[in-house]
Amino acid sequence: MSDPSRAVASPAGTQTSAGPETVLSVEGLTKRYGSLVAVAGISFQVRRGETFGMLGPNGAGKTTTLEMIEGLRAPDAGRITLLGLDAVRHRRAVQQRIGVQLQSQALWPELTVEETLKTFRALFRQKVPLEGLLERFSLVDKRRALVRNLSGGQKQRLSVATALVNDPEAVFLDEPTTGLDPQARHSFWDLIRDMQRQGKTVIVTTHYMEEAETLCERVAIMDQGRIMALDTPRQLIRGLAFDNTVECSFAGSVGRERLLALPAVRDVRNEDGSNFLLTNDVPATLTGLMGVTDDGGERVQGLQVRTATLEDVFISLTGRRLRD
Ligand code: ATP
């Protein structure tokens, strides 16, 4: 049976023509580890000044893709053009002009904040003043603090600062907010918005759909080494056959067929005893739901309505949640 919720507005990112404003063009990029195909011939492009997200669960191939683009891992096939250069053949030249955020665990714990930034600055011909970086990342007071004594949020800010020491044209952030509490995550988003205002091209991987939805102009949804869909978050969500989810549970049991027959319901998911009605007309579905309550004596216990998200797009495409 075909699943109406699978309809997504755009097919996988298959554009191949690179214009002058294209900062990054990836064509047929492939990486295998033994018999495992980690990245399966993906193609996409990123425009100058764009914030481009790669959203997918663990093991989708996001890190492998970034590492190939950054020149840290050799592709098995495909072509990467970054800042107008072949990123494999001109790896060193490209690396001078890009910023790569290391995982915060990869920072040296026994160096101070200032020593860390100086060490990274020494790697590049072009560099921004240290003071400006410390101010921008609210690390002035911590300049003499050892990395091992920083909070999670401070370490994360430092790791982004290290990616900007060379005033890069394109910045790569690999799951930058994993492990951060919501407050630190939101202040991190402000740093990314700051980069956007400066016109930087930002390529970010994440498995948080709110992050992709909030920050990214376009998002590639990845799973098992493939790009399943690529578009703006709004278009991806609009491509779904429903625009809202009504979550409900009942005092007694109500059959799936009964719920599927309710007005405007396109599909029904069942999880942990709750029913999720995927609807394109909330008032009509709610009215129908009240009818179930009246005639069968099955009282609705919990009821929640929420608008569709990129998580719904991912589930529609793969049948799985982003985070299991
Ligand atoms: P995560 O969010 O967990 O980092 P990801 O989307 O970044 O996931 P990758 O790290 O790129 O995914 O991994 C893609 C697949 O390749 C996974 O199945 C992973 O186990 C495998 N893989 C990654 N690196 C290696 C390696 N060096 N050797 C063998 N397999 C690897």
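No value in this document is a laboratory result; all are computed from the given coordinates. Fair warning: this is a prediction, and the values are worked out from it, not measured in the lab. We place every Cβ from the backbone using ideal geometry, glycine too, and count neighbours over all the protein chains shown.
A few points about this structure:
- Pairwise label distance in nanometres, residue 138 with residue 178, each label 7 Å out on the Cα-Cβ vector: 2.4 nm
- Chain lengthening between residue 269 and residue 290 when straightened (0.36 nm per residue, less Cα-Cα): 5.7 nm
- Taking every C-alpha pair closer than 8 Å and separated by at least 6 residues, the mean separation divided by the residue count of the stretch 196-324 gives a relative contact order of 27 percent.
- GluC sites (Glu not before Pro) restricted to DSSP loop in the stretch 104-164 with at most 14 other C-beta within 10 Å: 110
- Label-point separation, residue 123 to residue 323 (7 Å along Cα→Cβ), nm: 2.9 nm
- C-alpha center-to-center spacing [the stretch 108-174, the stretch 179-256] in angstrom: 28 Å
- Rounded to the nearest whole Hz, the Karplus-based 3J(HN,Hα) values (6.51 cos²θ - 1.76 cosθ + 1.60, θ = phi - 60°) of the stretch 86-101 follow the sequence 5, 5, 8, 6, 10, 3, 5, 5, 5, 4, 5, 10, 10, x, 10, 7, with x at glycine and proline.
- Neighbourhood charge, 12 Å Cβ-Cβ cut-off, centred on residue 180 and excluding it, Lys, Arg +1 and Asp, Glu -1: 0
- Under the span-like rule (Cα at least 20 Å along the axis, Kyte-Doolittle mean at least 0.0), DSSP H helices of the chain: 282-296
- Between the amide H of residue 23 and those of 46, 47, 48, distances stay under 5 Å, these residues lying 5 or more places away or on another chain, with hydrogens modeled in the peptide plane.
- Our coupling estimate for the stretch 236-253, obtained by passing each phi through the Karplus curve with A = 6.51, B = -1.76, C = 1.60 and θ = phi - 60°, is 4, 6, 5, x, 5, 7, 9, 10, 9, 10, 9, 9, 8, 9, 10, 5, x, 9 Hz, Gly and Pro reported as x.
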